[in-house]
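Structure first, commentary second.
The values are calculated or read from the model by the stated rules, or taken from the named source; none is laboratory data. Since we're looking at a predicted model, the values are computed, not measured. In this analysis, Cβ positions are derived from the backbone assuming ideal geometry, glycine residues included, and neighbour counts consider all displayed protein chains. Only protein heavy atoms, including side chains, enter the accessible area calculation; ligands, DNA and RNA are left aside. Shrake-Rupley method; radii C 1.70, N 1.55, O 1.52, S 1.80 Å.
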Amino acid sequence: MERGEAYGFSAVMSGTFLLSCLLFAAINRRQRGPYMDEAFHVPQAQAYCHGRFLQWDPMITTLPGLYLASVGVVKPAAWLFGWTGSVVCSAAMLRFINLLFSAGNFYLLYLLLLKIHQKNKVVSGFQRILSTLTLAMFPTLYFFTFLYYTDPGSVFFTLFAYLMCLYGNHKTSALLGFCGFMFRQTNIVWTVFCAGNVVAEKLNEAWKTELQKKKDEKISSRKGSLSDLMRILRFLIKYLISLKNLVTLTALTWPYIILVTVFFVFVFVNDGIVVGDRSSHEACLHFPQLFYFLSFTVFFSFPHLLTPTKIRKFLLSLRKHPVQYSLIAVISLFLIWKFTYVHKYLLADNRHYTFYVWRKIFQRHELVKYILVPVYMFAGWSFADTLKSKSIFWILMYFVCLLAVTVPQKLLEFRYFILPFLIYRLNIPFPSLYRQLLELAFYIVVNAVTFYLFLNKTFQWPNSDEIQRFMW
């Protein structure tokens with residue numbers, strides 16, 4: 001990092017943290033007590049603060065990583081500054097932990113952009129800082145910086161594990177992956193993703209060697225043709241049935257293998273992945289979740305994905321490959337028909353944006369979910385098109401992880417899309433400065449609207465005196 005870039009980064013990060021602190025103070029003045037899931041998280045953390053580590057709320061579905069981390073920060077701070085009484089482990093103090101995680105995420109996002117795009121010498125320091133600021137302001141993540149939820153900490157440890165993986169520190173990466181798993185069990189998928197990065201790198205090296213031997217350089221560039229995909233599949237089978245290759249991959253990824261083994265032991269002992277309240281968090285094959293994620297990604301990355309050039313290229317691809325797209329459309333229609341699930345929370349909780357998305361769009365008519373298939377197809381094509389700079393093995397590995405983290409979820413919840421979106425956004429090529437500025441401006445507007453609604457447009461449910469607020 002050059003001196004000018006270092007100063008610029010420090011200034012932007014400090015300014016963002018200061019503004020976040022001001023917003024944090026405003027939110028805590030308006031909402032002093034626990035809100036929504038905080039009603040479970042805050043008392044649980046307070047029990048840990050008082051040394052009651054065997055106390056557990058059965059409504060909590062995640063492992064106690066958030067509460068252990070909170071006690072590990074708050075208790076030493078209370079001893080150092082002489083805090084006593086109700087201020088220690090108050091709702092505001094616990095929320096501040098996420099503000100610290102948010103600052104850590106800012107730094108990690110910058111380091112990841114620096115590492116992933118290190119070969120791109122055209123990208124300026126200003127663009128890196130701008131992209132970091134944009135991703136740190138990603139609305140769905142940024143909102144939960146100010147509440148005591150697991151998301152900022154979950155993202156912090158997962159991004160940290162990814163960074164260590166990219167630097168080849170796999171034991172450290174696996175340890176951080178375990179911390180992420182303690183925040184949210186589904187983060188085990190991103191441990192597999194880190195291992196997959198190592199495997200994809202080795203596969204790519206072997207594939208290039210294979211191409212060079214056969215002096216057929218064209219194959220590596222035509223990722224879309226069926227014959228190339230079949231050839232890659234045959235190569236994969238041949239590579240993975242080799243004992244020598246398997247030993248090499250195992251030697252490289254053993255820390256991740258140990259962690260995944262621990263996860264399966266946990267699932268066996270716990271008789272499931274969810275810790276508590278299993279009736280509301282049942283796993284199922286909810287394939288349309290992938291379509292919702294792709295639509296979510298196009299919405300938040302529209303300056304990169306929803307451009308006239310992209311639309312023209314998609315229509316041209318549609319005209320050149322009508323049979324393939326027709327088959328994809330038929331499969332999509334079938335998946336929507338047979339595998340669409342509507343969670344009771346989605347229909348009942350009018351505090352969440354997803355309630356209004358479902359009611360205003362999907363509940364307008366029974367056919368709407370089928371009519372949206374062309375939109376999903378464009379979203380999927382545009383999504384894949386922006387990743388074409390990555391190796392085919394990286395794309396396959398990411399896609400498998402994306403399926404694993406989205407499809408089993410019955411509830412449509414935008415928070416579940418945060419990590420797959422960030423990892424996708426980190427790995428696409430740097431857009432033009434104009435598109436970066438447009439993306440940042442869009443995020444700022446969305447955040448401003450969200451916080452305005454949360455703070456000022458309160459309402460009450462019938463037969464309840466509690467103030468309700470709109471949120472993600």
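For the structure I just gave you, tell me whether Pro420 is on the phi < 0 side of the Ramachandran plot, part of a helix (DSSP H, G or I), open to solvent by 50 Å² or more (accessible area, probe 1.4 Å) and modelled with pLDDT of 95 or more.
no
Against the condition crowded, with 16+ Cβ neighbours inside 10 Å, part of a helix (DSSP H, G or I) and out of contact with any helix residue (DSSP H, G or I) (no Cβ under 6 Å at 6 or more places or on another chain), how does Leu114 come out, does it pass? So Leu114 fits the description; yes.
Let's see how each residue does on (1) more than 24 Å from Ser279 (Cα to Cα); (2) in a loop (DSSP other than H, G, I, E, B):
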residue: Leu412; (1), (2): no, yes
residue: Arg415; (1), (2): no, no
residue: Tyr424; (1), (2): yes, no
residue: Tyr434; (1), (2): yes, no
residue: Leu440; (1), (2): yes, no
residue: Leu453; (1), (2): yes, no
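Within the stretch 364-410, the set of residues being part of a helix (DSSP H, G or I), of a type in the set (A, V, I, L, M) and over 22 Å from Tyr341 (Cβ atoms) comprises Ala384, Ile392, Ile395, Leu396, Met397. From the list Phe302, Phe314, Phe293, the lone residue that is within 30 Å of Phe183 (Cα to Cα) and either open to solvent by 20 Å² or more (accessible area, probe 1.4 Å) or not hydroxyl-bearing (Ser, Thr, Tyr) (or both) is Phe293. So the check is Cβ under 7 Å with 6+ separation or different chains; which pairs have a first residue in the stretch 203-232 that's closer than 30 Å to Val247 by Cβ and modelled with pLDDT of 85 or more and a second one that's crowded, with 16+ Cβ neighbours inside 10 Å and of a type in the set (Gly, Ala, Ser)? Qualifying pairs under 7 Å: Asn204/Ser391. For Ser90, the conditions (1) of a type outside the set (A, V, I, L, M, F, W, C); (2) closer than 30 Å to Phe430 by Cβ; (3) out of contact with any Leu (no Cβ under 6 Å at 6 or more places or on another chain) are fulfilled apart from (2).
Of all residue pairs spaced 6 or more apart or on separate chains, those with beta-carbon atoms under 6 Å, a first member in the stretch 297-316 that is over 15 Å from Tyr443 (Cα atoms) and a second member that is in a helix (DSSP H, G or I) are Leu305/Val298; Leu305/Ser382; Leu306/Val298; Lys310/Ser382; Phe314/Phe378; Phe314/Trp381. A search for C-beta distances below 6 Å between a residue of the stretch 377-394 that is within 17 Å of Lys119 (Cβ to Cβ) and any residue that is in a loop (DSSP other than H, G, I, E, B) and not aliphatic (A, V, I, L, M), counting only pairs 6+ apart in sequence or on different chains, returns Ser389/Pro429.
Could you tell me how many of the residues in the stretch 235-250 are open to solvent by 90 Å² or more (accessible area, probe 1.4 Å) and closer than 16 Å to Glu205 by Cα? Here the count works out to 3.
Of all the criteria given as (1) modelled with pLDDT of 95 or more; (2) among the basic types (Lys, Arg); (3) surrounded by fewer than 18 Cβ atoms within 10 Å (Cβ to Cβ), the one not satisfied by Arg435 is (1). Among the residues of the stretch 397-413, none is identified as free of Cβ contacts under 8 Å to residues at least 40 places away in the same chain and surrounded by 17 or more Cβ atoms within 10 Å (Cβ to Cβ). In the stretch 125-156, of all residues being under 28 Å from Phe470 (Cα atoms) and open to solvent by 20 Å² or more (accessible area, probe 1.4 Å), the one that is nearest to the chain's Cα centre (by Cα) corresponds to Phe156. Taking the criterion of being in contact (Cβ under 8 Å) with a residue 24 or more places away in the chain, open to solvent by less than 70 Å² (accessible area, probe 1.4 Å) and hydrophobic (A, V, I, L, M, F, W, C), the residues of the stretch 251-262 that qualify are Leu252, Leu259, Val260, Val262. Out of the residues in the stretch 345-376 meeting the condition of being aliphatic (A, V, I, L, M) and open to solvent by 30 Å² or more (accessible area, probe 1.4 Å), tell me which one is nearest to the chain's Cα centre (by Cα). Residue satisfying both the conditions and the ranking: Val357. If you check Ser301 against the conditions, is it small (Gly, Ala, Ser) and within 27 Å of the chain's Cα centre (by Cα)? Against the criterion (small (Gly, Ala, Ser) and within 27 Å of the chain's Cα centre (by Cα)), Ser301 qualifies. Tallying residues that are of a type outside the set (S, T, N, Q), more than 20 Å from Gln31 (Cα to Cα) and open to solvent by less than 40 Å² (accessible area, probe 1.4 Å) within the stretch 82-110 yields 7.
Considering the conditions (1) farther than 29 Å from Ser280 by Cβ; (2) open to solvent by 70 Å² or more (accessible area, probe 1.4 Å), Met59 is excluded by exactly one of them, (1).
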